[in-house]
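Report on one structure; see the data block that follows.
The values are calculated or read from the model by the stated rules, or taken from the named source; none is laboratory data. Note that this is a predicted model, so its numbers are computed, not measured. Cβ placement follows ideal geometry from the backbone for every residue including glycine, while neighbour counts extend to all protein chains displayed.
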Amino acid sequence: MPLLEDGRLVADHWASVADGPLPEGAVIVPPARLAEAAPRNAPLGVSIGNDVQVDTLAPWLPRLALVQVTLPKSKDGRAFSQIRALREYHGFRGEIRVAGHVIPDHYAMLLRCGASTVVVPEGSDPAVWRAARRVVSIAYQHAQSAEQPLALLRRRVA
Amino acid sequence: MPEAPFLRVPEHARTYRYDAVDREFLAQRIAEFRGQVRRRLAGELTEDEFKPLRLMNGLYLQLHAYMLRVAIPYGVLNSAQLRQLAYIARRWDRGWGHFTTRQNIQFNWTRLVDVPEMLEALAAVDMHAIQTSGNCIRNTTTDEFAGASPDEVADPRVYAEILRQWSSLHPEFTWLPRKFKIAVRGAEDDRIASRTHDVAVQLKRDPAGAVGFTIHVGGGMGRTPILGVPLFDFVPEAEFLRVMEAILRVYNALGQRENIYRARIKILVRDLGRDGFLALVQDELARMPVEPYRLAPEVVQAIRAHFAPPPFAAAEAVALPADPAFAAWVRHNTRPHRQPGYASAVISLKPVGGIPGDATAEQMEALAELADRHGFGELRVSHTQNLVLPHVRRDELHALWQGLRAAGLATANFGQGTDIIACPGLDYCALANARSIPISQQISERVDALDRAHALGELQIKISGCINACGHHHVGHIGILGVDKHGAEAYQITLGGAPGNDAAIGELIGPSFGYDAVAGAVETILRTHIAHRQPGERFLDTYRRIGQAPFKEALYAVA
């Protein structure tokens, strides 16, 4: 599936491997396969369900270059908290990728929570995602992203 | 759209005044919604995807039409805004609006195609419909006498506005398990049904005079009514938003999502227990950085400036005219004011036999005029579906009353038996099982007749047309719940509920009553109260003293 980064479609260098043998190169595995995949000399990512407390990844985070979170339905917002917790509580600096039922209307908020990339449906028009990201450019809250990290209330009196 | 002078904002009305950034934010939000409607019509969004987006812009699909629910932040508005609501009612609806228990207003006959224009008309007076629905943080509610009542320790509007900004399009909390309602009050006297909210905030002061917050969590009505439990006794002001963030983080991560009847925070708090929930909140707080979430004193100061007291006159104490109808209105519909010579005046939207909470465009315009003339152009919406002029000179009360009478708005019944809360019910609502409005009208007429003969005193009757409990029936002294019984409308009656400091969930008295029998049953209950009451005793107190038995006997004894 196409991958969106900073409003553009980009090449995906990662292979997602749920089960079966691990290929060469960068792989995204479920948490249960981290111990098996970690010793390999290749970039390592993990894909977590939205009921996973990201704290359980803590021992692995120094080794991980990517964490993939999932929205099973567009209205299920648990991943937003997982993303924010990875950045804010764990200082995770790698790629946070969002998969599942993501719609352009999520995009700006996902980025403000700290997401990096989104797996988008085949045939998606990146222009629609770029527009959705920019249409509401003002935000009142503190964010994990570089843009407007300080809550609007605070910026006004700064 | 009306010309500028029509929309001139009264100088001393203390609504939060938008700056250029707030206005740009609203314009962007409308542009976003236009785009979402366009993508829906082009098939780029499925109805499942579009539904939460339209709900977060206040747009419901009801039985006969779309309903647009407009936010009135913490129930505060100015006369220009009320005039614009009248204009919207006339231009795009059928000439009236319906004020809700959430201190908002609903237009029940909206066409989808008109919505972007309606939103632009709202934006022209710094209003919107953001987060009046959907699984997000809803309009924060507060005391309709904020900034006026003598018993207030601090002004709840300041913190409600801070919550409004903090919760508007919150990046993490826009896709919650279920809706989330916060109420803030500044007085010990609970006039806002605090403990029926997901989070209830009460402003306190420490011995040094610094503001802090007592916080209850996990209240709610619906299918499983639960009163909120104390979570924090005194949160310092600087920690206010950190604590809110922490509570929402726990809820967003752990709240149930499979079954909508188990998705509110009340179920999570109940299942974890208060201490279990508190431990999780404290765990979040322990890890959360302090500085980004600190509520700085200069921020509070800046917001407080929006709600500075208006320029009160040094008014003398006056003797009011002796007209008995006027005296009754003063007795029931005015409240003491912190400023000598002033009162707060309640405009009842509960004419006997009328529809609770409805106001016509003409009435809204008359009220805007009266607010300009007698109340600094400022108005409030109460959770009991009435309006309030918070600051009126006592020596102008009679003139105000005459103006209200001319507009059909002088019903003297605030807090009385005919001041009924009722949801729209099966006349409008897609969720309802039974009609609420005609039941309310019938009960109102019977109660009015009894009240004239027997002076019932304070009495809260609350009616919901389904188990979602928008009419607050669980906390009515007399609560009425419409249900579907083998395809027919039936009504369950609960007694002994209360929303305030003595909050309680009402108890079911017995088998339900049919559509034609429920008003008679309420009359029987009140006649039983009259027969058993001690001098001056309210229905609620009689019921709590003598219990269910006499009422059951009167309602169900075989003749």
Point to revise | First in segment B:457-478 and under 19 Å from residue B:555 (Cβ atoms), second anywhere and assigned to a strand (DSSP E or B) and of a type in the set (Asp, Glu), Cβ under 9 Å, 6 or more apart | key: B:477/B:458
Study note, to complete from the structure: Quick count over segment B:524-559, residues being farther than 15 Å from residue B:507 by Cβ, of a type in the set (A, V, I, L, M) and either touching a strand residue (DSSP E or B) at 6+ places or on another chain (Cβ under 7 Å) or surrounded by 14 or more Cβ atoms within 10 Å (Cβ to Cβ) (or both), is 3
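Quick check on this structure: which one of B:296, B:314 is farther than 24 Å from residue B:78 by Cβ, out of contact with any helix residue (DSSP H, G or I) (no Cβ under 8 Å at 6 or more places or on another chain) and surrounded by fewer than 22 Cβ atoms within 10 Å (Cβ to Cβ)?
It is B:314.
Just to be sure, is residue A:149 surrounded by fewer than 17 Cβ atoms within 10 Å (Cβ to Cβ) and facing chain B (nearest Cβ under 8 Å)?
yes
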Point to revise | Subset of segment A:111-133 [under 28 Å from residue A:90 (Cα atoms), out of contact with any helix residue (DSSP H, G or I) (no Cβ under 8 Å at 6 or more places or on another chain) and within 11 Å of chain B (Cβ to nearest Cβ)] | key: A:112
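Would you list the helices (runs of 4 or more DSSP H) that sit entirely within segment A:67-158 and hold 2 or more residues that are modelled with pLDDT of 95 or more and in contact with a strand residue (DSSP E or B) (Cβ under 9 Å, 6 or more places away or on another chain)? Step through it out loud before you land on a result.
On the way: elements: A:78-88, A:107-113, A:126-135, A:152-157.
Helices (runs of 4 or more DSSP H) meeting the threshold: A:78-88, A:107-113, A:126-135.
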Exercise for review: Filter segment B:16-29 for residues that are facing chain A (nearest Cβ under 10 Å) and in contact with a His (Cβ under 8 Å, 6 or more places away or on another chain) and give the result.
Suggested key: B:26, B:29
Review point. Any idea how many residues of segment A:50-91 are under 11 Å from the mean Cα position of the chain (by Cα) and aromatic (Phe, Trp, Tyr)?
Key: 1
**Study point:** Residues located in segment B:119-173, provided they are away from every other protein chain (no Cβ under 14 Å) and out of contact with any Lys or Arg (no Cβ under 9 Å at 6 or more places or on another chain)
**Key:** B:120, B:122, B:124, B:127
Review point. When residue B:157 is evaluated against the numbered criteria (1) crowded, with 23+ Cβ neighbours inside 10 Å; (2) within 24 Å of residue B:276 (Cβ to Cβ), which criterion, by number, is the only one it fails?
Key: (2)
Check your understanding: Out of (1) away from chain B (no Cβ under 14 Å); (2) over 10 Å from the mean Cα position of the chain (by Cα); (3) buried (at least 20 other Cβ atoms within 10 Å of the Cβ), the odd one out for residue A:107 is which?
Key -> (1)
Practice item. Of the conditions (1) within 14 Å of chain A (Cβ to nearest Cβ); (2) part of a loop (DSSP other than H, G, I, E, B); (3) of a type in the set (Val, Ile, Thr), residue B:300 clears all except one; give me its number. Key: (2)
Study note, to complete from the structure: Of (1) surrounded by fewer than 17 Cβ atoms within 10 Å (Cβ to Cβ); (2) in contact (Cβ under 8 Å) with a residue 24 or more places away in the chain; (3) in contact with a Phe, Trp or Tyr (Cβ under 9 Å, 6 or more places away or on another chain), residue A:25 fails just (2)
Review point. Is it fair to say residue B:478 is modelled with pLDDT of 95 or more, out of contact with any Leu (no Cβ under 8 Å at 6 or more places or on another chain) and among the β-branched types (Val, Ile, Thr)?
Key: no
Check your understanding: With respect to residue B:491, is the statement that it is on the phi < 0 side of the Ramachandran plot, under 25 Å from the mean Cα position of the chain (by Cα) and either surrounded by 20 or more Cβ atoms within 10 Å (Cβ to Cβ) or among the basic types (Lys, Arg) (or both) true?
Key -> yes
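This table checks each residue for (1) over 18 Å from residue B:548 (Cα atoms); (2) surrounded by fewer than 21 Cβ atoms within 10 Å (Cβ to Cβ); (3) hydrophobic (A, V, I, L, M, F, W, C).
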site	(1), (2), (3)
B:463	yes, no, yes
B:466	yes, no, yes
B:470	yes, no, yes
B:478	no, no, yes
B:495	no, no, yes
B:498	no, yes, yes
B:508	no, yes, yes
B:515	yes, yes, no
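Tell me which residues, restricted to segment B:383-433, are among the small types (Gly, Ala, Ser) and within 22 Å of the chain's Cα centre (by Cα).
Hits for segment B:383-433 are B:410, B:412, B:415, B:417, B:422, B:425, B:430, B:432.
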Check your understanding: Given the structure, is residue B:308 within 30 Å of residue B:159 (Cβ to Cβ) and modelled with pLDDT of 95 or more?
Key -> yes
Revision key, fill the gap. Screening B:456, B:409, B:397 for residues that are crowded, with 18+ Cβ neighbours inside 10 Å, part of a helix (DSSP H, G or I) and modelled with pLDDT of 95 or more leaves only B:397
Check your understanding: In segment B:317-342, what count of residues is obtained for those that are buried (at least 22 other Cβ atoms within 10 Å of the Cβ) and among the hydrophobic types (A, V, I, L, M, F, W, C)?
Key -> 1
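Would you be able to tell me the number of residues in segment B:267-294 that are more than 26 Å from residue A:113 (Cα to Cα) and part of a helix (DSSP H, G or I)?
Quick first cut of segment B:267-294, residues more than 26 Å from residue A:113 (Cα to Cα) only: B:267, B:270-276.
Now restrict to residues that are part of a helix (DSSP H, G or I): B:267, B:270-272, B:274-276.
Looking only at that region, the number is 7.
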Review point. For segment B:58-93, how many residues are among the hydroxyl-bearing types (Ser, Thr, Tyr) and buried (at least 22 other Cβ atoms within 10 Å of the Cβ)?
Key: 3
Point to revise | Unmet criterion (only one of (1) over 27 Å from residue B:466 (Cα atoms); (2) more than 21 Å from the chain's Cα centre (by Cα)) for residue B:152 | key: (2)
Review point. Where in segment B:1-112 are there strands (runs of 3 or more DSSP E), lying wholly inside it, with at least 2 residues that are under 30 Å from residue B:193 (Cβ atoms) and among the aliphatic types (A, V, I, L, M)?
Key: B:59-61, B:66-70, B:76-78
Check your understanding: Which condition number does residue A:100 fail, the rest of (1) more than 8 Å from every other protein chain (Cβ to nearest Cβ); (2) surrounded by fewer than 20 Cβ atoms within 10 Å (Cβ to Cβ); (3) over 15 Å from residue A:50 (Cα atoms) being met?
Key -> (3)
Point to revise | Candidate set from segment B:37-54 (those that are of a type in the set (A, V, I, L, M) and over 15 Å from residue A:106 (Cα atoms)); member that is farthest from the other protein chains (Cβ to nearest Cβ) | key: B:41
